[in-house]
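Below you'll find the structure I mean.
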Amino acid sequence: MNTTDNLIPRPSHVALLDGPAFTLTLTARITAAHLAVPVAEQLATVLRRGTGFGLPIVEDTRPGDITLELVEAFDGGAEAYAISVTEGGVRLTASTAAGLFNGIQTLRQLLPAAVEGADSSEHTWVIPAVEIFDTPRFAYRGLMLDVARNFFTVEEVKEQIDVMTQFKLNTLHLHLTDDQAWRIEIHDPGSARNPSGMPYANLTAVGGRGAVEVHTAMPARGREGFYTQQDFKDIQAYAASKNVLVVPEIDLPGHVNSALAAIPQLNPDGVAKAMRTTAEVGWSTLSANLPATYEFVREVLGQLAAITVGPYLHIGGDEALVTGHDEYVEMVQQFVRIGADTGKSVVGWNEFAAVELPEGSVIQYWHGDFAPVVRQAGEGGSKVIMSPAANSYLDQKYNDSSPIGLQWVEGGPFTWAEYYNWDPAQGGLEDHNILGVEGPLWTETVRNNQQAYWLLYPRLVSLAEVAWSGQEARNTGDFRRRLGALGERLAKQGVTFQEAPDVEWAAKPDWPFTTPPSQYGTIEA
Ligand code: TNX
């Protein structure tokens, strides 16, 4: 076994060559020009830290160098890349910076795991002679982070991006609002656009201070905070440099208590609700017959669209359990139009397929009936993001004794294998209907990045392979072996993970909880 057998996600084509291997040495350089330079810099950052070599970025190529090259025509689309490794050098080609970025993730994995550490001592950096061609099955390969129940700082979000992108994930969905909190600044639009006189600043002044509180988590209360519009732009700029698109979500018309608490006008009696920390779902709603409802949604979605780089705006639509069916349809029908008016493609949880969706809308399937989803995917041309709870919910426990995580999805608890052994093309949907795959991390029980990592890894790695590699490449035994090897890279990066007992881990992770594993069952309720 060598490093060409351990790649995750599995590339489309890997062919070992007969010739001698490549060795990265002290005198190597990274060759890149124009748009390839920022990607070369990212590769250099990783390799300099791991090897201690200088690795200057230059324009000419000598034997022994790593060459990044943008070419005009390339089979396999924007995200595809090819790598050729011979004794004389490494050559990575793609038609876009995104393709090159994917390629450098493969290059990292082609080098020994020690490259992920900060010790440059005593290593030879050998890559077997190999030809790789690789292109993703799905264009959208995502993680959802619930920053509403528990707040994650800008820095923490960037760290999550750093870790997820080594598996070629390219979308970060931020669940920005929920009952417990509101995490995105909305400016006062001025009286002309605010006939109801709504105090938008309260969304973050009041709503930003909220968080969930559940006594099985450590600590019990989530963290508070919010993103200024500038913070949100900063996150997106950082994400873009790593080939990640950010999808912001404002959850409507349920999951809105923080908005009802911030803005009295959104309540039929004109009285602001109290903020609440309960983890229960489905108990709040906007009101279909209040003009302020539509005024509010137009303002919020308008401001959010204006600062969103990507083409998508997520409007929630899930679990509106106290919204009457007619009211739900009346509101969501208008909200999808308001969303589409901003010029963005509207995304919603699959409940929202109950209304007629504008062209270009995207349905995020998480549970329930496929029929409306399939209908709109067929006639309406909507695409689907697959997040079926039993195969992709990253907030669920691994087993009964997981210290954090929820446990409500039928058939659970779920390990890496359940998140690996499934086909997104299901329920009557085919690949051409499917935009991609996303794993949601709801954070009722998560309080920091290490705890998030523990729930995400290794299951998010399973999802990354499901989203990237073809169904024909699915092989549980082989994936288990590659996961085991990956453990060493994650451990060197300081990323904890669940030590699934059926995997032979090459290195052990740190335990991310203050209570030792043997005692967490006794945590104070
Ligand atoms: C359901 S899944 C929710 C979230 C919760 C989650 C907990 C979905 C669209 N809504 O509000 O956080 O369950 O697993």
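The values are calculated or read from the model by the stated rules, or taken from the named source; none is laboratory data. Note that the coordinates shown come from a computational prediction; the quantities given were computed from them, not determined experimentally. Virtual Cβ from ideal backbone geometry, glycine too; neighbours counted across all protein chains shown. Quick note on the areas: whole protein, heavy atoms, side chains included, nothing else; ligands and nucleic acids left out. Shrake-Rupley method; radii C 1.70, N 1.55, O 1.52, S 1.80 Å.
Would you mind giving the average projected area, over all directions, of the Cα convex hull of the stretch 3-134 in nm² with one decimal?
Details: hull surface 28.9 nm².
Seen from a random direction, the Cα hull of the stretch 3-134 projects 7.2 nm² on average.
How much length is gained on full extension from A205 to S241, taking 0.36 nm per residue of separation minus their Cα-Cα distance?
Details: separation 36, 0.36 × 36 = 12.96 nm, distance 3.10 nm.
The span from A205 to S241 would gain 9.9 nm if fully extended.
If amide hydrogens are placed 1.01 Å from N in the peptide plane, which non-local residues have theirs closer than 5 Å to the one on V247?
Long-range HN contacts for V247: L172, H173, L174.
Can I ask one more? On the protein heavy atoms, probe 1.4 angstrom, tell me the percent of accessible surface of the chain carried by carbon and sulfur.
Working: 10080 of 19290 Å².
Carbon and sulfur: 52 percent of the exposed surface of the chain.
Just in the stretch 240-341: which chymotrypsin sites (Phe, Trp or Tyr not before Pro) are loop by DSSP and have at most 15 other Cβ atoms within 10 Å? Could you put the intermediate results ahead of the total?
On the way: sites: W283, Y294, F296, Y312, Y328, F335; in loops: W283.
Of the chymotrypsin sites (Phe, Trp or Tyr not before Pro), the ones in loops of the stretch 240-341 whose Cβ has at most 15 other Cβ atoms within 10 Å are W283.
Which whole-number value in Å³ per residue fits the convex hull of the alpha carbons of the stretch 178-234? Mind dumping the intermediate values first?
Numbers: hull volume 5.1 nm³, N = 57.
For the stretch 178-234, the hull spanned by Cα atoms encloses 89 Å³ per residue.
A further question on this structure: Tell me which residues come under 5 Å, amide H to amide H, from R223 once H is placed; ignore anything under 5 positions away on its chain.
Under 5 Å from the amide H of R223 lie the amide H atoms of F151, each far enough along the sequence or on another chain.
Continuing with this model, one more query. List the lysines whose alpha-carbon lies under 22 Å from that of K492, not counting same-chain residues fewer than 8 positions away?
The qualifying lysines are K158, K168, K242, K508.
Given contacts defined as C-alpha pairs under 8 Å and at least six residues apart, what's the relative contact order of the chain, whole-number percent? Kindly include the intermediate steps, with their values, before the conclusion.
On the way: 1189 pairs, mean separation 73.4, N = 525.
Computed over the chain, the figure is 14 percent.
In addition: Given the convex hull of the Cα atoms of the stretch 343-391, what is a quarter of its surface area in nm²? Walk me through the numbers on the way to the answer.
On the way: hull surface 12.4 nm².
Reported value for the Cα convex hull: 3.1 nm².
Output ³J(HN,Hα) for the stretch 197-207: one whole-Hz value per residue in order, computed from phi by the Karplus curve 6.51 cos²θ - 1.76 cosθ + 1.60 with θ = phi - 60°, and x for Gly and Pro.
Couplings: x, 6, x, 4, 4, 5, 3, 8, 5, 9, x Hz.
Same structure, new question: Karplus couplings for the stretch 292-308 from phi (6.51 cos²θ - 1.76 cosθ + 1.60, θ = phi - 60°), rounded to Hz, Gly and Pro as x?
For the stretch 292-308, the Karplus curve yields 4, 4, 6, 4, 4, 5, 4, 5, 5, 5, x, 5, 5, 4, 5, 9, 9 Hz.
Another question, then. With θ set to phi - 60° and the Karplus curve 6.51 cos²θ - 1.76 cosθ + 1.60, what are the ³J(HN,Hα) couplings of the stretch 452-466 in order, to the nearest whole Hz, using x for Gly and Pro?
4, 4, 4, 7, 6, 10, x, 5, 5, 5, 4, 5, 4, 6, 4
Under a crude label model (7 Å from the Cα following the beta-carbon direction), how far is L17 from N2 in nanometres?
Reported label-point gap for L17 and N2 is 1.2 nm.
Moving on to the next point. I want to check the label-to-label distance for W511 and D188. Put each point 7 Å from Cα in the C-beta direction and report it in nm to one decimal.
5.2 nm
Sticking with this structure for a sec: Does anyone have the angle between helix 154-165 and the longest principal axis of the chain? Alpha-carbon axes, 0 to 90°, nearest 10?
So the inclination is approximately 50 degrees.
Volume per residue, Å³, of the convex hull around the alpha-carbon atoms of the chain?
Values: hull volume 77.2 nm³, N = 525.
Spread over its residues, the Cα hull of the chain gives 147 Å³ apiece.
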